[in-house]
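Right, one structure below, let's go through it.
The values are calculated or read from the model by the stated rules, or taken from the named source; none is laboratory data. Nothing here was measured: the structure is a model prediction, and the numbers come from that model. Quick reminder, even Gly has a Cβ in these numbers, built from the backbone with ideal geometry, and neighbours come from all protein chains shown. Protein only, heavy atoms only, side chains kept; ligands, DNA and RNA dropped before computing areas. Shrake-Rupley method; radii C 1.70, N 1.55, O 1.52, S 1.80 Å.
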Amino acid sequence: MSKISKEEAKRIAKLARIAVTDEEAEKIGPDLSNILGWIEQLAELNTDNVEPLANVANIDLKKRKDEVTDGDMQQDVLANAPESMEGFFVVPKVVE
Amino acid sequence: MSLTDLTIKGALEGLKKKEFTAVELNQAHIDAMAKHKDLNCYITETAGHALTQAAESDKRYASGNTLKLDGIPLGIKDIYCTKGIRTTVASRILENFVPTYESTVTSQLFAAGATCLGKLNLDEFAMGCSNETSYFGNVISPWKSKSEPNKQLVPGGSSGGSAAAVAARLCMGATGTDTGGSIRQPAALTGIVGMKPTYGRCSRWGIVAFASSLDQAGMFARTVEDTALLMNHACGHDEKDSTSSPREVPDFTQSVGQSIKGLKVGIPDEYRIDGLPEEITAEWDKGIEWLKSEGAEIVRISLPHTKYALPTYYIINPAEASSNLARYDGVRYGLRVDEGGNLNDMYEKTRAAGFGPEVRRRIMVGTYALSAGYYDAYYVKAQKTRRLILQDFEKAYEKCDFILTPPAPSAAFGIGEQIDDPIQMYLNDVFTVTVNLAGLPGLTVPTSLNSDGRPLGLQLIGRSFDEETLFRAGAAIEKCANFKAHPFKGDAA
Amino acid sequence: MSNLIKGNTGEWEMVIGLEVHAQVTAQSKLFSGAATEFGAEPNTQVSLVDAAMPGMLPVINEYCIEQAVRTGLGMNAKINLHSVFERKNYFYADLPQGYQISQYLHPVVGLGEIEIDMEDGSTRKIGVTRLHLEQDAGKSIHDQHPTKSFVDLNRSGCALMEIVSEPDMRSPEEAAAYLNKLRMILRYLGTCDGNMEEGSMRCDVNLSLRRPGEEYGTRTETKNVNSIRAVMMSIEYETQRQMEVLESGGQVVQETRLWDPNKLETRSMRSKEDAHDYRYFPCPDLLPLEFDQAYVDKIKATLPELPDQKKHRFTQEFGLSLYDASVLIAEQNRAFYFEEAAKGNDPKLTANWVINELLGALNKAGLDLSESPVNAKQLGQLVARISDNTISGKIAKDVFAIMVETSQDPDTIIEEKGLKQVTDTGAIEKIVDEVIAENPKMVEEYRSGKDKLFGFFVGQVMKKSGGKINPAAANELLKKKLA
Ligand SMILES: [Mg+2]
Ligand SMILES: [Zn+2]
């Protein structure tokens, strides 16, 4: 059964881009372990030779014609932006 | 009789006969909303908007050029993007988000003349079974426990605001979404009707995505016929949703009142789970008797993988959610917490502050289940189990036309009673998630109040794209059960 | 051919694989109806889908699928009738969804190959591992503000074909030849304009070193290498760097590096180990992409003749040299031009005129072939006039210069300027006789054995005739008369 350590919890939080304090990470570990442990009852089920099912929709993939039918709505696109300038979204500097 | 106690069908007749106006009908609901603010059903009220729409309806009634839902006041679950009206998903991260677009389902309903009273509360990002995870506070059920009149009951979730508002007569019908039971379970807990159609029946375009392969829109109302009428307008093919079905939508109201003689009703052995309260089993048995009395034939069926449905669901759901919620990053809309750090700091602080505990929990479970080294053991395993669950149903439908089950393992519980135990909370969806995993339609019909005055109901599960049989059988149960209880009028049963 | 490089401790072999992102030539984006044109005002070619607004859903552009299949067929690759779109999850300012819709376990195109041409005329086959369709990201601008970055989503959601090669290349030249040929194929097919400056074709370089015959070493991936020259330079730089690491007893770190086009060096991108856990899973908003062989065959039937086929045909059918054929097929419209001009003409002569005169003139004028003042029919006519002795090759050059100037037909120019070659033997004889009569001294010297003077007489005859006499005819007559 999965035992999520504090470090593991921090790694997952980092991957999910959610800030956690040490104190929170301490609690997240057992909480996730608890849920994952419960989920792991699936392991007892034999699923050899079963095709995974991603979506039940029983239709062909819908396709569009290659036509410009959208866009040209800069105002709408930026309407809810926390920060924008001269048509751009503005974010804290990205360091590469 | 108060205008708010009318059925939609009754209201439409009254409007046509000019017994009252659409403005009066809407105003009656706006007054009720003001009176029952304590239930916290609405996150955003749009009375002015509804009255403007109602005035338009009245013009049409005057000219005789009316629409199918003209003037009917609806509440909209705050997960549907509504143009110019704040849409929060009950999350701090979208607290001030105002869409510049209208979801397909709501635009269809409004195009049919329905009015919008406001945006209904829900569990944050629809993650919950009790409407206790909303950033805007809990929704309180209008029903009361007889034994503990001071106790506040949950309305169920995630469409708790929708269910409570319809039950409390704060709107005549409401939209919901159902990813694992979020329409059928709250409908059961609040004594109303709720329908989740087949996956692909309703467009998902403009509805905030939670778990895309499971999410379906649906409707609440107080009668089966009203629900059928609303579903006529909620359903339909949408070119903008690649998973939306091109199938023709029948007039569902035609099914209501049709005989169920000769229909085969499947009763799954595996749903008689350990520890199920006596009252739930008893209600189920009553349902079986009602259907028999209407000429249906009862068939024992087996859905052998039922016990794996919840764990399967709690892999697929958080996995998809963790990815769907990645877009809430403080860049293009929504909350941004920027304390002067770099972009990554901004992401992490925004998402930590913007999401509540249950949302963060699911994102982390989902992130873990998809991460390197765990993907096969969790996600692929769940997809395989999902196929087995679908095959269970396909096999069962060789023997029966629809399935009857309880909608939830208990009647409404008290606020705060389960919130600290996530697994206990997840178990509330034990009878509903299978339906989402298999993409089938499901209908909840209210049947009675338990000895403590809390509503009980039944769930009907149909074949893929066979909502009609559910409306037919649901109406038969409705007739037999003759559920007339009113949350504010004592025990009227 | 050996491409081994000498280090202090012995010889090393480069192992190079390239990942090319080629923007699909399409009007609208892969999953939205927004326009794809380059250079628009920021965030104007963005739909609500491209900005990943809540509740937005992708719907695929069928033309992009067709373009991917076409490209696969152009690389003789396996076309997969079943493929799956997956989400590649990571956070970045210009990735609005927080994931890229891409293909992972089941790409639309599988194994293929591309034949590359080396300087020395040899060819080599480079394997193509796969081609898959995916969304492009937007663009972040980091140098406009001290503490802020600016994000433009115009490019967000444009369709890309990621074309991954096998680690089959062994030198910078081979890498360049691969990119050249790939770009040529894409352009022939019309599936990508191959414009590296505008970023519609971008390249990541995977490189490792090994001792000849040994197992592959640890590789690095260098991103942002956006011209063929830069690819070669980055390979040289990275080879040097890795060799120094290895020869000093160190180990190459498997990492992503960035090509700095100003400093001409690669550098390690800030370690982002966790970002490498992309958590791919099938995109639940999209169903698997399925088509039948008939669909593939239909596209196959519309495939143009590809560069290599053309090259082989030009050498075999027309007897052109490999070099000439390679020059002519380098661009599809050049090959078309040549074939049109060569209709009914001597192909070798036509090839010379296209390569030396036409391309030279266009180059001088800074014009593209599509803007040529001389069309293929006209050039063909000119070549025909040389072949049928209406004009000499020398006069033809003058006529051509006028054609470039005026776009007139060569026949019109020849007629108007009276440049027609004199073929009447009587008229030629008259001029020859005149020249002999006018230069008695020279005639004497020639007859006394100064053979070299023959050229002088030819020159005089040509001069007198204004170049209109067929030099062969003049030669023949002069020889007879001077004998
Ligand atoms: Mg790659
Ligand atoms: Zn890529």
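Could you pull out every one of the helices (runs of 4 or more DSSP H) wholly within region B:1-83 that has 2 or more residues that are touching a His at 6+ places or on another chain (Cβ under 8 Å)?
Ranges flagged: none.
Considering C:TYR337, C:TYR323, which residue is within 22 Å of the chain's Cα centre (by Cα) and either assigned to a loop (DSSP other than H, G, I, E, B) or more than 23 Å from C:ASP120 (Cα to Cα) (or both)?
Result of the check over C:TYR337, C:TYR323: C:TYR337.
Which ranges mark the helices (runs of 4 or more DSSP H) fully within region C:395-483 that have 3 or more residues being assigned by TED's automatic domain parsing to the domain that holds C:LEU362 and under 19 Å from C:ALA384 (Cβ atoms)?
C:410-417
Hey, does region C:227-240 have a residue that's over 27 Å from the mean Cα position of the chain (by Cα), in a loop (DSSP other than H, G, I, E, B) and not aromatic (Phe, Trp, Tyr)?
There is no residue in region C:227-240 that is over 27 Å from the mean Cα position of the chain (by Cα), in a loop (DSSP other than H, G, I, E, B) and not aromatic (Phe, Trp, Tyr).
Can you pull out every residue in region C:131-154 that is surrounded by fewer than 23 Cβ atoms within 10 Å (Cβ to Cβ), away from ligand 2 (no atom under 12 Å from the Cβ) and not in a strand (DSSP E or B)?
Scanning region C:131-154 gives C:HIS142, C:ASP143, C:GLN144, C:HIS145, C:PRO146, C:THR147.
Considering each of C:ARG202, C:ARG279, C:ARG267 in turn, give the residue that is under 24 Å from C:GLY138 (Cβ atoms) and not in a strand (DSSP E or B). Explain how you work it out, then say what you get.
Values: C:ARG202 fails: not in a strand (DSSP E or B); C:ARG267 fails: not in a strand (DSSP E or B).
That would be C:ARG279, the only listed residue that is under 24 Å from C:GLY138 (Cβ atoms) and not in a strand (DSSP E or B).
Select from region C:8-28 the residues that are within 20 Å of C:SER200 (Cα to Cα) and aliphatic (A, V, I, L, M) and list them in ascending order.
Hits for region C:8-28 are C:LEU18, C:VAL20, C:ALA22, C:VAL24, C:ALA26.
Going residue by residue through region C:56-66, is there one that turns out to be within 16 Å of ligand 2 (Cβ to nearest atom) and either buried (at least 19 other Cβ atoms within 10 Å of the Cβ) or aromatic (Phe, Trp, Tyr) (or both)?
Scanning region C:56-66, I find at least one residue that is within 16 Å of ligand 2 (Cβ to nearest atom) and either buried (at least 19 other Cβ atoms within 10 Å of the Cβ) or aromatic (Phe, Trp, Tyr) (or both), so the answer is yes.
Answer yes if at least one residue in region C:16-26 is within 16 Å of ligand 2 (Cβ to nearest atom), assigned to a loop (DSSP other than H, G, I, E, B) and open to solvent by less than 20 Å² (accessible area, probe 1.4 Å), and no otherwise.
The answer is yes; a qualifying residue exists.
Could you please give the count of residues in region B:310-342 that are among the aromatic types (Phe, Trp, Tyr) and either at positive phi or within 9 Å of chain C (Cβ to nearest Cβ) (or both)?
Number satisfying all stated conditions: 2.
If we only count helices (runs of 4 or more DSSP H) wholly inside region B:403-493, which ones have 3 or more residues that are at pLDDT 95 or above?
By residue number, B:433-438, B:467-481.
Those residues that are out of contact with any strand residue (DSSP E or B) (no Cβ under 6 Å at 6 or more places or on another chain) and within 15 Å of ligand 2 (Cβ to nearest atom), I need them from region C:105-130; list them, please.
The answer is C:LEU105, and nothing else.
Within region C:49-61, is even one residue at positive phi, within 14 Å of chain B (Cβ to nearest Cβ), out of contact with any helix residue (DSSP H, G or I) (no Cβ under 8 Å at 6 or more places or on another chain) and part of a loop (DSSP other than H, G, I, E, B)?
Yes.
Could you identify the single residue in A:ASP70, A:ASP22, A:ASP60 that is modelled with pLDDT of 95 or more and either over 21 Å from the mean Cα position of the chain (by Cα) or open to solvent by less than 30 Å² (accessible area, probe 1.4 Å) (or both)?
Checking each option against the conditions leaves just A:ASP70.
Hey, among the residues in region C:201-222 that are crowded, with 22+ Cβ neighbours inside 10 Å and within 16 Å of ligand 2 (Cβ to nearest atom), which one's farthest from C:SER268 (Cα to Cα)?
The qualifying residue farthest from C:SER268 (Cα to Cα) is C:MET201.
Which condition from (1) at the interface with another protein chain (Cβ under 7 Å from one of its Cβ atoms); (2) more than 16 Å from ligand 2 (Cβ to nearest atom); (3) of a type in the set (Lys, Arg) is the one that C:ARG87 breaks?
(2)
Of everything in region B:277-316, what is part of a helix (DSSP H, G or I), over 20 Å from B:THR444 (Cβ atoms) and polar (S, T, N, Q)? Give them in sequence order.
Listed by number, the residues that qualify are B:SER293, B:THR312.
Looking at region C:369-394, which of its residues are outside any helix (DSSP H, G or I) and modelled with pLDDT of 95 or more?
C:SER372, C:PRO373, C:VAL374, C:ASN375
Could you tell me which numbered condition C:ALA159 fails, if it satisfies all but one of (1) open to solvent by 10 Å² or more (accessible area, probe 1.4 Å); (2) of a type in the set (Gly, Ala, Ser); (3) within 16 Å of ligand 1 (Cβ to nearest atom)?
C:ALA159 satisfies all of (1) open to solvent by 10 Å² or more (accessible area, probe 1.4 Å); (2) of a type in the set (Gly, Ala, Ser); (3) within 16 Å of ligand 1 (Cβ to nearest atom) except (1).
Restricting attention to region C:86-130, and to residues there that are under 23 Å from the mean Cα position of the chain (by Cα) and within 13 Å of ligand 1 (Cβ to nearest atom), which single residue is surrounded by the most Cβ atoms within 10 Å (Cβ to Cβ)?
Filtering region C:86-130 down to residues under 23 Å from the mean Cα position of the chain (by Cα) leaves C:109, C:111-130.
After this cut, where a residue has to be within 13 Å of ligand 1 (Cβ to nearest atom) as well, the list is C:129-130.
On the way: C:THR129: 18, C:ARG130: 21.
Among them, the one singled out is C:ARG130.
Considering every residue within region B:197-216, establish whether at least one is open to solvent by 10 Å² or more (accessible area, probe 1.4 Å), farther than 15 Å from B:GLN459 by Cα, in contact with a Lys or Arg (Cβ under 7 Å, 6 or more places away or on another chain) and within 14 Å of chain C (Cβ to nearest Cβ).
Yes, region B:197-216 contains a residue that is open to solvent by 10 Å² or more (accessible area, probe 1.4 Å), farther than 15 Å from B:GLN459 by Cα, in contact with a Lys or Arg (Cβ under 7 Å, 6 or more places away or on another chain) and within 14 Å of chain C (Cβ to nearest Cβ).
In this structure, does C:GLU197 turn out to be open to solvent by 10 Å² or more (accessible area, probe 1.4 Å), away from ligand 2 (no atom under 16 Å from the Cβ), more than 23 Å from C:GLN27 (Cβ to Cβ) and without any contact (Cβ under 8 Å) to a residue 60 or more places away in the chain? It would help to see each step written out before you state the result.
On the way: open to solvent by 10 Å² or more (accessible area, probe 1.4 Å): yes; away from ligand 2 (no atom under 16 Å from the Cβ): yes; more than 23 Å from C:GLN27 (Cβ to Cβ): no; without any contact (Cβ under 8 Å) to a residue 60 or more places away in the chain: yes.
Criteria not met by C:GLU197.
On the basis of being in a loop (DSSP other than H, G, I, E, B), touching a residue at least 24 places away in the same chain (Cβ under 8 Å) and in contact with a Leu (Cβ under 9 Å, 6 or more places away or on another chain), does B:LEU214 make the cut?
On the way: in a loop (DSSP other than H, G, I, E, B): yes; touching a residue at least 24 places away in the same chain (Cβ under 8 Å): yes; in contact with a Leu (Cβ under 9 Å, 6 or more places away or on another chain): yes.
Yes; evaluated as a whole, the condition is true for this residue.
Could you please tell me which pairs satisfy a Cβ distance under 6 Å, a separation of 6+ or placement on different chains, a first residue in region C:164-182 that is under 11 Å from C:VAL205 (Cα atoms), and a second residue that is away from ligand 2 (no atom under 16 Å from the Cβ) and of a type in the set (Asp, Glu)?
Correct list of pairs: C:PRO172/C:GLU236.
Within region B:117-137, how many residues are surrounded by fewer than 24 Cβ atoms within 10 Å (Cβ to Cβ) and either in contact with a Leu (Cβ under 6 Å, 6 or more places away or on another chain) or not charged (D, E, K, R) (or both)?
The number of residues fulfilling the criteria is 3.
Please enumerate the residues belonging to region A:82-96 that are under 27 Å from the mean Cα position of the chain (by Cα) and open to solvent by less than 20 Å² (accessible area, probe 1.4 Å).
Answer for region A:82-96, where residues must be under 27 Å from the mean Cα position of the chain (by Cα) and open to solvent by less than 20 Å² (accessible area, probe 1.4 Å): A:PHE89, A:VAL90, A:VAL91, A:PRO92, A:VAL94.
Take region C:3-48 and flag every residue that is away from chain A (no Cβ under 14 Å) and of a type in the set (D, E, K, R).
C:LYS6, C:GLU11, C:GLU13, C:GLU19
Taking the criterion of being part of a loop (DSSP other than H, G, I, E, B) and closer than 17 Å to B:ASP78 by Cα, would at least one residue in region B:184-199 satisfy it?
Looking for residues that are part of a loop (DSSP other than H, G, I, E, B) and closer than 17 Å to B:ASP78 by Cα, one finds none in region B:184-199, hence no.
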